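Here is the structure we will look at, set down as C-alpha cells.
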Amino acid sequence: MQTDGLDYGFDAADKSLRHYLRALWDREFALRPCEQPLTQIRPFISELGIHLPRQYRSHQGQLLKDLYRAAAAHAAAHQAYSHIQFQRNKLKPVQLAIIALLEDARVEQLAIDAMPGLRNLWLQFFDAQGHQGIGVESLLLRLSHALLDPDRKDDNPWVMKARRLYKASQQAGSNAESLREIGSLLGNDIGQMRVQFNAKSYVVEPLYRDDNLFLWDSDAPPEEMQMEELAPLANNEVEQFTPKSDLDSAEDQRFRPRESAMADPDRTAGSDADLPTYPEWDERIGHYRPHWCSIIEQVPPAGDAAPLRAELEHHARLSARLAQLIQARKVGQPVQLRNQADGDSFELDQLIKAQAALRCGQVPEWRIHRKQRLQKRDLSVLLLLDLSESTNARLGEATLLSLIRQASVLLAQAIGQSGDPLAIHGFRSNGRHEVHYLHFKDFNQPFDDMVLARLAGVEGALSTRMGAAIRHARHGMRHCRTEQRLILVVTDGEPHDIDVFQPEVLIHDAARAVGQARAAGTPVFCVSVDPKADPYIKRIFGPHNYVVIDSVEQLPQRLPELYLRLTA
C-alpha cells in the first residue's frame with residue numbers, strides 16, 4: 001500500500017496512531033473509521049471510541065500523516081480532560097459553537113502543558129497569514145488561532161475580548177465550568193453586531209478538530225439547521241430553542257453508534273462464550289443493554305506478605321478488641337415470636353379469633369402464644385475493593401491502595417476471629433468486555449498468608465466499571481447460607497471507563513445495580529475516600545448507605561468501626 005500519497009488513510013494510520021496515543025497518554029484509545037461519504041466530515045467521539053475519517057482528500061504526504069496525528073491527539077485530549085457536559089438550554093447555535101471552541105482551547109492547552117510539541121503539530125493546520133474576515137466563521141477561526149498561539153497578534157475587538165475573558169477564567173487553574181458563561185456573553189456580542197451565522201453550513205475549523213457534539217447533554221442534534229440572524233438581546237438574556245432529532249438523514253448517521261449499540265457490533269458470534277456477562281442500564285435510551293459487560297475472573301499473583309503481616313502485628317490489640325465487639329454483638333437483641341403453639345404469654349388477637357371459632361362450632365387455630373428469644377446475628381460480608389489506576393495516588397509516604405490493603409486485612413482478621421463468613425474481592429475494568437474481577441479471599445477460604453500475599457501483590461490499574469462488579473458480587477453471594485448478606489464497597493472515585501465518555505451513564509447503571517442487590521436481600525454500602533463524592537455517591541447508594549472518610553489515613557481504623565455500625 002502506498003502511504004505517501006492520497007492512498008494513505010485510516011487503515012494505514014490505525015496501528016501507528018494507537019501507538020502514538022499510548023505513548024502520549026499512557027493509556028489505550030479505541031479508534032474507528034468514519035464511514036460517511038461527506039465532503040466536510042470531521043472526526044467525532046462516541047462511547048465506541050474516536051472516529052476518524054477513512055480518507056482526507058485535502059492533504060498528502062507527510063502533512064497527511066500529521067493531519068491524522070493532529071486529529072487523533074485532539075480527540076484524545078478531549079477524552080483525557082473534558083469531564084463535564086454543557087447544558088444546551090437557552091443557548092443559541094452560535095453560542096454552542098463558541099463554548100465548544102473555548103473547550104477545544106482548554107483541553108489543547110492542558111495537553112500542551114504536558115507535551116509541548118503538540119502546539120506545533122496543531123499550528124501547522126492554521127493559515128500562517130491568518131484570516132481577516134469579520135463573518136462569524138472567520139471570527140471563530142481567528143479566535144481558535146489566537147488561543148492556540150500565545151504569540152499571535154489579532155487586533156479585532158471581539159477576538160481581543162474573547163481572548164481576555166478566556167485567559168481570566170483560566171488564571172486560577174483549568175476551569176471548564178466558566179466557559180459556558182463566557183460563550184453566552186460572546187454570543188450576545190455577535191448578536192449586537194447583527195452578523196449572520198449559518199449553523200447548517202458551519203463546520204468546525206481547522207480540519208483536524210472533531211465536531212464537539214459529545215460535549216453537550218443530548219446526543220440528538222439541536223435545531224440549528226437553519227439560517228438565522230441574531231438580533232440584539234436585552235438584559236444579556238438569550239433565547240431558548242427546542243432541540244429535535246432527525247437520525248434518518250445520512251449526515252446524522254454519526255449519532256447512531258450510541259443508539260445502535262444494542263446490536264453490539266464489537267461482539268462476534270461465540271466470542272468470550274465462557275465469560276459471565278451482565279446487562280448494563282443506559283439511562284439515555286431507558287433500557288438495559290443485554291450481555292453488555294463481560295467479567296474476567298482472576299486470582300492475582302502473590303507478592304511479599306511480610307509488610308501486611310507486620311501491620312497486623314502492629315494493630316494486634318485493635319484487631320482483638322474489634323473481634324470481641326463483633327462476637328458480643330452476635331448475642332443479638334430479644335425478638336418476639338408471634339403465633340406460636342406454645343410460649344410465655346397469649347397472643348390477644350389470635351385468642352379472640354380462637355374463641356370466635358369455638359362459638360361458631362369451628363376448629364380454632366391454636367397458635368395463640370407468644371414467646372421471646374435472642375436473635376442470633378447471621379451475616380456474610382463481601383468486601384469489594386476498587387483497584388483502578390487512581391488508587392496508586394500517593395498520600396505522603398503511602399498510596400491509597402496501601403491504605404485500602406491495611407484496612408482490608410485489619411477488618412478481615414477481626415471478622416475471621418469472630419466467625420462471620422467474609423470474602424475479599426476487587427475489580428477494575430478496561431472497557432465493557434474486560435471487567436476484571438479479582439479473588440483475594442473467598443468465603444470458603446481461610447484468612448492466611450496466601451490471602452495477604454495476593455493483596456500485597458496487586459497494583460492499581462485501568463478504570464472503574466462499578467455496576468458490573470456489584471452485579472457479579474451479588475451473584476457470587478447467592479450460595480451464602482446466612483440469613484443476611486452485605487456488600488461493602490471501598491472506592492476512591494466515581495464510576496468511569498475508557499469506552500464510556502459520559503460518567504452519568506455509569507452512575508445511573510451503578511445505582512440500578514445497587515437497587516437490584518437491595519431488592520434481592522443483599523444491601524450494598526459504600527466507603528469513599530473522595531472528599532467530593534457526596535453528589536454522585538448519594539445517587540448511587542442512597543442517602544444513608546455511604547460514608548465519606550475525610551482523612552484517608554484513618555481508613556484502616558475507620559473501616560472496622562463502620563462494619564460494627566452496619567452490623568449493629
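None of the figures in this text is laboratory data; all of them are computed from the coordinates on show. All figures in this text were calculated on a predicted structure; none of them were measured in a lab. Virtual Cβ from ideal backbone geometry, glycine too; neighbours counted across all protein chains shown.
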Looking only at segment 84-115, which residues have a backbone nitrogen under 17 Å from a spot 7 Å from the Cα of Gln196 in the C-beta direction?
93-94
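Rounded, prolate or oblate: pick one for segment 390-454, where a ≥ b ≥ c are the square roots of the eigenvalues of its C-alpha gyration tensor, a/c under 1.5 means rounded, and failing that, prolate if a/b is larger than b/c, else oblate.
Working: a/c = 2.63, a/b = 1.26, b/c = 2.09.
Because a/c hits 1.5 or more and a/b fails to exceed b/c, segment 390-454 counts as oblate.
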Under the Karplus relation 6.51 cos²θ - 1.76 cosθ + 1.60, θ = phi - 60°, what is the ordered set of whole-Hz ³J(HN,Hα) values for segment 191-196, x standing for Gly and Pro?
x, 5, 7, 6, 10, 7
Shape of segment 91-172 from its Cα gyration tensor (a ≥ b ≥ c, root eigenvalues): rounded if a/c is under 1.5, otherwise prolate when a/b > b/c, or oblate?
oblate
Of Lys65/Lys92; Lys200/Lys532; Lys92/Lys161; Lys65/Lys200; Lys15/Lys90, which ones are farther than 31 Å apart at the Cα?
Lys65/Lys92; Lys200/Lys532; Lys15/Lys90
Whichever lysines have a C-alpha closer than 24 Å to that of Lys371, once near sequence neighbours (fewer than 8 apart) are set aside
Lys330, Lys353
